[in-house]
């Protein structure tokens, strides 16, 4: 891993690095776990600009181990890697140019029995290697130094070789006891040092050197791995990489493709994590793959294992030994993340095995398959898709699959027919969007067990909802086994970037948008891995489609600095993505394939038109956020929404553009409305919450009803108005903020805690969009073609038609909207005269002049059709008129656009009258006496409502 190395002062010892040095000290140098200590960092040795540190904000990221240097636990106040907790922030001392932090280990780590603490220094957001190397400090005044071999090291020897062991201690003489695989092999009493040469070693050994001085004891751990001389033997036919379960539940066969490696052991709970020669993997002479059949297993028992992968002659800076989980794991246990997963989310989560490090793979024979209620699901047409993008973590307060299951009626009422989940594959950490994936075949446990995800998918299918997964297959992060097995690790901490030998990853990114380790998709092994991922989720989870994240990253032709190259047409990218699409369709001919490319039409049409005549073709992500936000804010500049549909994309044969106004990557429309909206008209000030909300229904009308698939980012249908940069503490930190942006922070849940569906303004958006979605799905005309007019103004007009439909059926639709902040007369240009119908309520409108202007209030819209259509049975299809506040002192407002508002005394006398007004117009009743009045409202569809008003 690229790191900033340190010069550090600990217990009187100095260490030196070859890279940028940072100086710090701990006082006192020797301390007990209950001793207050001060960590001091030399400010002159920190390059704040390199780390992007504003206002001298650096933080401590810390962990502790017990007296056996095991049982590692993170500091409870670390926060998240991208947003350190303020409790761990250093104090900057300008006079001395130092940073200091005072802690007492027992209180800081909330534990006792601490034998060692570890920490690093970082920026608030540590991404981008804005951190130091790991620093390890012993706790206690009795110190033992293992001089040979290195503590916690593994020495690789040939069978029959020897190991020299040497140690010293501080203070008085001590007693030494050396154990190998739990058996005492040597003792030495009342000496200040220890030496022993263990000879004729023929099996792997785990050593413990226990050093005792009075009441104090210290244990040093190290190990030996013996070269077993790999057996060459043909692998049984039909096996694939990873775990191969057998009909005989006492057996399972493991396969690992590890070119360039000399030998591999399988260590696991089935051999007490002390593998002997029987658990050395064999090597297939034809494929070069390593394999091993495990026997003696018990059905349904949960086992865990790792591969111990050895290269006896590694290249410079690459480790000789890597302990790693299986790249094809479907369930992994993590020493970093699992302890923070609530039992309510994942009941009976298997415990991480004591004494191990990094992820381990779970193996379980005889598993009972999930009982699918829907075994054959017919997917909605691509043209009819209304995709709901959701981040499981932020959908509801429990942040798990059960939350979505419990809210299924929310989805079905809204009427969406596809649910897109942001990545749910095993990612690093828990508080994540999931794009930092490390194990692409494993379900991330933070959201719940795999059967709970299957239950969610099954329930979606029962309700006619397809499920699409967001997959990040252009990169993987540092815990990924394929990155770690061939890595450059100069500081030997077990983390690193891909080495020149890596058969999966580039050593440097080949595109300008990279995060993590960049996959080389021209490598056959990478292609095979990607196809296994595709196969697993289609066959095991019945996933209906993939949204391929950042497909620009699938080229080998560019550099990290050359954005022009990345955005240009790249033939290798076109070809490999077609190959992946073909593989998906070979497993499921109706599989949805969606690319988030956001590139040139020339390249995108290659996929959009690919096998279109066979009913396939790739769908492309269509971002139109800025243009839609111009409309909702009330600004005509750059308000052209034409690229929301296929007609504005050159050469596209079919309706393959998934148009969207909001996504997880874009700022919320409502937030920008409130911050920057047009406030010229005080009667319709877009910066006012209610006014801003009143404009979102119209945005849906000119978005959802454009033919072709569409996407909604969760809670846009309720007018979500919190910034995507909202921090855990509620503060908004956009890019360039003093403490880094909070884009990835966990978001609050006001949509449920404040019951937004009972808030009149938000409920209106939800049910207006529901109606539009119903029209899109039910009416064939919306699979037809369309034209747009006035696309550079705030009064866009959309004409949807299908001449092949009979005249007795809805075959022509006119959509009008007014995004100005004042009322506008809009020329509708109806295709024909006669009776047209408002499709939101089926009210008839006689059109004698197609160009006769229609007056729309600001934020108002109309959807006209040539025929009436089924309205549905939901009472909320028609908006309920609400008056508030009530009682009122001087003013009241209404949530609907009106043509007339009349106020009557209780005796029936008209005392106030108002003309046509936009939603949330303020009505002045200051001159009326206190008492009870009747308010009669006539809306713009000539519907009338009557309600009582109490005047204070």
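The numbers here are math on the coordinates, done by the rules we state, and not lab data. Everything numeric here is computed off the predicted structure, so don't read it as measured data. Neighbour counts are summed over all protein chains in view; Cβ atoms, including those assigned to glycine, are modelled from backbone coordinates with ideal geometry.
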Translational diffusion coefficient (Stokes-Einstein; Kirkwood radius from C-alpha pairs) of the stretch 87-227 at 4 °C, 1.567 mPa s, in µm²/s: 72 µm²/s
Nearest-ten-degree value, helix 571-587 long axis tilted from longest Cα axis of the chain: 90 degrees
Taking the stretch 883-951 and dividing mean pair separation by its residue count, relative contact order in percent (alpha carbons under 8 Å, at least six apart): 36 percent
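Of all alpha-carbon pairs in the stretch 787-865, indicate the percentage at a distance above 20 angstrom. Please report the intermediate quantities before stating the final value.
Values: 888 of 3081 pairs.
Every Cα pair in the stretch 787-865 considered, those over 20 Å come to 29 percent.
What percent do you get for the relative contact order of the stretch 815-952 when only Cα pairs under 8 Å and 6+ apart count? Please list the in-between numbers first.
Values: 290 pairs, mean separation 27.6, N = 138.
Computed value for the stretch 815-952: 20 percent relative contact order.
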P(r) histogram, all alpha-carbon pairs of the stretch 609-725 included - 5 Å bins from 0, percent: 2, 12, 21, 22, 17, 11, 7, 5, 2, 1, 0, 0
Cα shape, the stretch 754-802, gyration tensor, a/c 1.5 rule: oblate
Separation between Cα centres of the stretch 175-224 and the stretch 436-505, rounded to whole Å: 40 Å
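In the chain, what percentage of the DSSP-assigned beta bridges are antiparallel, given to the nearest 5?
Antiparallel bridges: around 80 percent, rounded to the nearest 5.
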Cα gyration tensor category, rounded, prolate or oblate, for the stretch 443-566 with a/c compared to 1.5: prolate
Likely footprinting exposure, 554, 505, fewest C-beta neighbours within 10 Å first: 505, 554
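Hey, what number do you get for the chain at 222 nm if only DSSP H runs of n ≥ 4 count, each worth -39500 (n - 2.57), divided across all residues, to the nearest 500?
Details: 17 runs with 146 residues, N = 952.
So the helix-based figure for the chain works out to -4000 deg cm²/dmol.
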Prolate/oblate/rounded label for the stretch 203-346 (Cα gyration tensor, a/c 1.5): oblate
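Kirkwood hydrodynamic radius (Cα pairs, Å) of the stretch 883-951?
11.8 Å
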Protection proxy ranking, peptides 591-604, 201-214, 154-167, average beta carbon neighbours within 10 Å, highest first: 591-604, 201-214, 154-167
Two-decimal log10 I(q)/I(0) for the stretch 189-248, as the Debye equation yields it once each C-alpha is a single scatterer, q = 0.13, 0.17 Å⁻¹: -0.65, -0.82
Taking the convex hull of Cα positions in the chain, its mean projected area over all directions (nm²): 44.8 nm²
Tilt relative to the chain, helix 450-462 - C-alpha long axis, 0 to 90 degrees, to 10: 20 degrees
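Using packing as a proxy for protection, rank 230-239, 266-275, 887-896 so that the peptide with the highest average count of other Cβ atoms within 10 Å comes first.
Working: 230-239: 12.0, 266-275: 19.2, 887-896: 17.3.
Packing order, densest peptide first, comes out as 266-275, 887-896, 230-239.
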Nearest 10 degrees, 0 to 90: helix 760-778 Cα axis against the chain principal axis: 90 degrees
Relative contact order of the stretch 143-227, defined on C-alpha pairs under 8 angstrom at six or more residues apart (%): 37 percent
Å³ per residue enclosed by the Cα convex hull of the stretch 19-138: 106 Å³
